[in-house]
Amino acid sequence: MRIFFLFFTVLLVSFSNASELADNTELYEGKEYKNAFADPVDSELPNVLLIGDSISIGYTVHVRKILKGKADVFRIKGNGKFSGFGLKNIDKWTSARKYDIIHFNWGLWDLCYRDPKSKTQGHRDKINGKLTATPDEYKKNLTAIVSKLQKTGSELIWCNITPVPDHELGRKKGDDLKYNAVAAEVMKNNSIRINDLHGHALKKQAEIQLKKGDVHFTKDGYKYLAEKVAGEISKILR
């Protein structure tokens, strides 16, 4: 009996030490904390919808972790691509349930030049390629999207375009600023909050950029972006 008691005590101490040493990510349960496209359990908490391209896919899980116990964070089932694609799908994306907050973004695809003959990933080619959406087309699409989103009754947060780095094969550095200015005009005309994720990312771009010429981010980079996204959402949740 004494031997069993000693064994049980050692087991409890070991478990306690393991819990203290466990990485925070191990404390989250459910597919939604591993897979961006896995829906959280829909509870009585406020519902949040994230709409965007691969950058938003990268920070989705981290936003869920930060807002755990404060909101149920959903996202669209796939890549939001460019604004024209968003306009065609926005009604479908927002009809699944009532969302208290919608955090949305388009831009990196819109300002990308593509050529079917290009051998680069995504057929990117800023020399011979065609622009996906001109600034005027981008403005027209965003205006129409905002009109649809306002009808949902959700609180809206526009997330601007993250930086285009040097040496990007299909995007011209500086176009991110031009397109962000276009979007800012649309959002201000409609009294929509703006999450300046561009400025936030720029502060640590050299540290969090995935690789030279890549618009994507490292794992720690997406965590860093998620802090800003969750922070802006939290302002409404309070």
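Derivation of every value follows stated rules applied to the coordinates shown; laboratory data play no part. As the structure is a prediction and not an experimental result, all values here were calculated from the model. Cβ sites come from the backbone with ideal geometry, for glycine too, and all protein chains shown count toward neighbours.
See the values below:
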quantity: Cleavage-rule hits, GluC sites (Glu not before Pro), the range 28-116, DSSP coil, Cβ neighbours within 10 Å at most 16; calculated: Glu29, Glu44
quantity: 222 nm mean residue ellipticity, helices alone, for the chain (DSSP H n ≥ 4; -39,500 (n - 2.57); rounded to 500); calculated: -14000 deg cm²/dmol
quantity: Computed FRET value (nearest 0.05) for Glu185 with Lys235, which takes r as the C-beta separation and R₀ as 25 Å; calculated: 0.65
quantity: Fewest-first sequence of His103, His123 by Cβ atoms within 10 Å of each Cβ; calculated: His123, His103
quantity: Packing-based exposure ordering (other Cβ within 10 Å, fewest first) of Asp110, Asp220, Asp53; calculated: Asp220, Asp53, Asp110
quantity: Compactness relative to 2.2 N^0.38 Å, alpha carbon Rg of the range 164-238; calculated: 1.22
quantity: The range 99-172: trypsin sites (Lys or Arg not before Pro) falling in loop per DSSP and having at most 13 other Cβ within 10 Å; calculated: Lys117, Lys119, Lys151
quantity: Full-extension gain in nm, Gln150 to Lys130, via 0.36 nm per residue minus C-alpha separation; calculated: 4.0 nm
quantity: Gln205-Asp166 pseudo-label distance in nm [points 7 Å out on the Cα-to-Cβ vector]; calculated: 1.0
quantity: Fewest-first sequence of Ser118, Ser95, Ser54 by Cβ atoms within 10 Å of each Cβ; calculated: Ser95, Ser54, Ser118
quantity: Extension reserve of the Ser54-Arg97 stretch, reckoned as 0.36 nm per residue once the Cα distance is removed; calculated: 13.2 nm
quantity: Pairs of alpha carbons in the chain whose separation is greater than 25 Å (percent); calculated: 46
quantity: Pairwise FRET efficiency - Asp220 versus Tyr28, Cβ, R0 = 25 Å, nearest 0.05; calculated: 0.90
quantity: Inter-centroid distance (Cα atoms) of the range 97-146 relative to the range 216-234, Å; calculated: 21
quantity: For the range 73-183: span of alpha carbons on each principal axis (Å, largest first); calculated: 43, 26, 23
quantity: Cβ-Cβ FRET estimate between Glu44 and Lys77, R0 fixed at 25 Å, reported to 0.05; calculated: 0.60
quantity: The range 41-165: relative contact order as a whole-number percent, Cα under 8 Å and 6+ apart; calculated: 27
